[in-house]
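Below is one structure, written out as structure tokens, with a few remarks after it.
The values are calculated or read from the model by the stated rules, or taken from the named source; none is laboratory data. Since we're looking at a predicted model, the values are computed, not measured. FYI the Cβ positions are ideal-geometry reconstructions off the backbone, even for glycines, and counts take in every protein chain you see. Heavy atoms of the whole protein, side chains included, go into the accessibility calculation; ligands, DNA and RNA do not. Shrake-Rupley method; radii C 1.70, N 1.55, O 1.52, S 1.80 Å.
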Amino acid sequence: MSSLLEGLAFQKRDSLLHKLDPRVKLFYALAVMVMAGVHNKMLPLLVMLLAQAPLAALGKIVRLWARTLKASLPLVLLIIGTNLFFTWLRGSLTDLYIVEDILALAVRFLVFVASFSIFTLTTSPDDLSLALEQMGVPYSFCFMFRAALRFTPVMVREARTTMDAQRARGLELDKGGPIARARRYIPILIPLIVNAITRAWSMAEAMESRAWGASRKRTSLYVLRLRGRDYLAFSAVLFSLIMAFYAKFYLKFPYIIPIIRSALGI
Amino acid sequence: MGIIEVEDVSFTYSGSKRPALDHVDLSIKKSEFVILTGPSGCGKTTLCRCLNGLVPHFYSGDFRGRVLVAGLDTREHEIWELSQHVGLVFQNPENQLFCLTVEADVAFGPENLGLPREEIRRRVEWALKVTGMWELRHRPPHELSGGQQQRAAIAAVLAMKPEVLVLDEPTSFLDPAGAAEILSLVAELNKRLGITVLLVEHRLDMTSPYADRVVVMAKGRIALDGPPEEVLTSREARELGVGIPKVIRLYELLAERGLRLPEVPLSPGQMASLISEVVRCR
């Protein structure tokens, strides 16, 4: 879980992807989601997944990206497991082609994770909130989002401190059955929630003291402007999107199992 | 008339029985450096909140009397108007920085005011330079030291161009080096730019050399108000548990033993020169 969160955490780096306009990257993540959504065969989905690896390299985030994908494996296994189970329950688990279709669903999920983590890993939350702002999302919503990201690490640190403090008082967190264990987390949650509320108060106080809500027309110091490379990237994504639809309606994809079989000679 | 006039102010938070402020009178002149001190829970923070309108606009309760800030009655003007005259810096720097870079944080106030972009850029640059944060402007707050974070918070408040800076225990989360960093910055802003300062502080060792006046509060009232040499040598101050600077204790102990210095020293350096003067005369 923690490494999945880590995968979403932005780190400042100098790369072409980091420099792209956040709106273009958001469009990319959404376009990939649509592309993966319309396809349900293994071959195109696998292509979509692998085609993102060079992009991760371009953004200099290969290791973080791979770690995010790895962290999503339990969910992938869950998807495969439940699908296999229910297909088997219905008695339609008859051949390997069905297994391939089920695996394709898992790959589709990986494609989602891959594209969104490329987006979040190369876009600073400030930029993202600016993009949302310029797309007409109300500022208070953007601020909420930004503050949530800003204070996540603070809250995590606070949770650790509270856990240590309660352990020092003799609280045993990893003992007993699941219900007993969950109950032991109450003495951690309550101080954490109380602290969060206190923090919210002092934040609100500081915001008020800096003219929060003073003017209906808030100015923003930063302005996002689309440059040549943004238009280029946008066109490339749009082109892939059109190609994906074309492929869906006009191409027929073979199963990859026979290909693997003949390659291995079985 | 002073830039801040607190006239017979009493305030009780809603839900509380005891008044947090009890008939408080305080007048602060332009460019003055005033230290506000006193035991915890004596109403220092509430008084600070009165100065930019957080009381009575943000904290509700029973408010009596009148506070004038640059001639504006705080009951009739919104917090955002008052905050362009009085900048409030809080204890915990972490909760005052909401953005992911220092620069964005400093821009937050002027952006809220809806100022033209050029003006925002000018103010941000000025505030960052004046606080020595220009080089660190692209850094996220959580990567900074406590002293740097608090400096960023001061820059963020300065970008609102206030005439008065009110700092509520700005050093209590900082180590000694960070505290010294902040206090000398505040002293410089006061001396060089003529910004009026009200500093709530317990560490009087470090701060009293800068102060024109020390105000001591107790139980919601102003107990003592005067020049540091006077207030800090008074018996009442000691009885109220004010953190009397060590040089002043030393001055008093020397006096008890018959060595009377011509002045009350506020810093070790001043004390050293006073002592050597006296010794040379003998």
(request) For the range B:193-218, name all the residues that are surrounded by fewer than 23 Cβ atoms within 10 Å (Cβ to Cβ), in contact with a strand residue (DSSP E or B) (Cβ under 9 Å, 6 or more places away or on another chain) and small (Gly, Ala, Ser). (result) B:218
(message) Suppose we filter the range A:100-113 for residues that are open to solvent by less than 40 Å² (accessible area, probe 1.4 Å), closer than 22 Å to residue A:258 by Cβ and not acidic (Asp, Glu); how many remain?
(response) 4
(request) Go through the range B:1-34 and give me each residue that's among the acidic types (Asp, Glu) and touching a helix residue (DSSP H, G or I) at 6+ places or on another chain (Cβ under 9 Å). (result) B:32
(request) Kindly indicate the residue of the range A:120-167 that is within 11 Å of chain B (Cβ to nearest Cβ), under 19 Å from residue A:189 (Cβ atoms) and surrounded by 13 or more Cβ atoms within 10 Å (Cβ to Cβ) and also farthest from the chain's Cα centre (by Cα) among those meeting that condition. (result) A:158
(request) Please enumerate the residues belonging to the range A:196-208 that are polar (S, T, N, Q) and at the interface with chain B (Cβ under 7 Å from one of its Cβ atoms). (result) A:202
(request) Would you be able to say whether some residue in the range B:7-29 is open to solvent by less than 30 Å² (accessible area, probe 1.4 Å), closer than 23 Å to residue B:187 by Cα and of a type in the set (Phe, Trp, Tyr)? (result) no
(message) The conditions are (1) within 24 Å of residue B:206 (Cβ to Cβ); (2) open to solvent by less than 30 Å² (accessible area, probe 1.4 Å); (3) among the small types (Gly, Ala, Ser), and residue B:53 fails exactly one of them. Which is it?
(response) (1)
(request) Looking for whichever is touching a Cys at 6+ places or on another chain (Cβ under 8 Å) and under 17 Å from residue B:3 (Cα atoms) here; the options are B:72, B:68, B:88. Which one fits? (result) B:88
(request) Would you check which residues across the range A:63-98 are open to solvent by less than 40 Å² (accessible area, probe 1.4 Å) and touching a residue at least 12 places away in the same chain (Cβ under 8 Å) and list them? (result) A:64, A:65, A:68, A:69, A:71, A:72, A:76, A:80, A:87
(message) Looking at the range B:171-193, can you tell me whether even one residue there is among the hydrophobic types (A, V, I, L, M, F, W, C), at pLDDT 95 or above and over 27 Å from residue B:246 (Cβ atoms)?
(response) yes
(request) Quick one: in the range B:219-233, of everything that is in a loop (DSSP other than H, G, I, E, B) and surrounded by fewer than 17 Cβ atoms within 10 Å (Cβ to Cβ), which residue is farthest from the chain's Cα centre (by Cα)? (result) B:233
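Quick grid of which residues meet (1) part of a loop (DSSP other than H, G, I, E, B); (2) closer than 28 Å to residue B:96 by Cβ; (3) not assigned by TED's automatic domain parsing to the domain that holds residue B:11:
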position: B:161; (1), (2), (3): yes, yes, no
position: B:178; (1), (2), (3): no, yes, no
position: B:207; (1), (2), (3): no, yes, no
position: B:260; (1), (2), (3): yes, no, yes
(message) Condition check: aliphatic (A, V, I, L, M), within 14 Å of chain B (Cβ to nearest Cβ) and in contact with a Ser or Thr (Cβ under 6 Å, 6 or more places away or on another chain). Does residue A:211 satisfy that?
(response) yes
(message) Checking the condition under 30 Å from residue A:10 (Cα atoms) and either without any contact (Cβ under 8 Å) to a residue 60 or more places away in the chain or of a type outside the set (Lys, Arg) (or both), which residue from B:62, B:105, B:73 passes?
(response) B:105
(message) If I ask for residues that are small (Gly, Ala, Ser) and free of Cβ contacts under 8 Å to residues at least 60 places away in the same chain, which ones from the range A:214-266 would you list?
(response) A:214, A:215, A:228, A:235, A:236, A:262, A:263, A:265
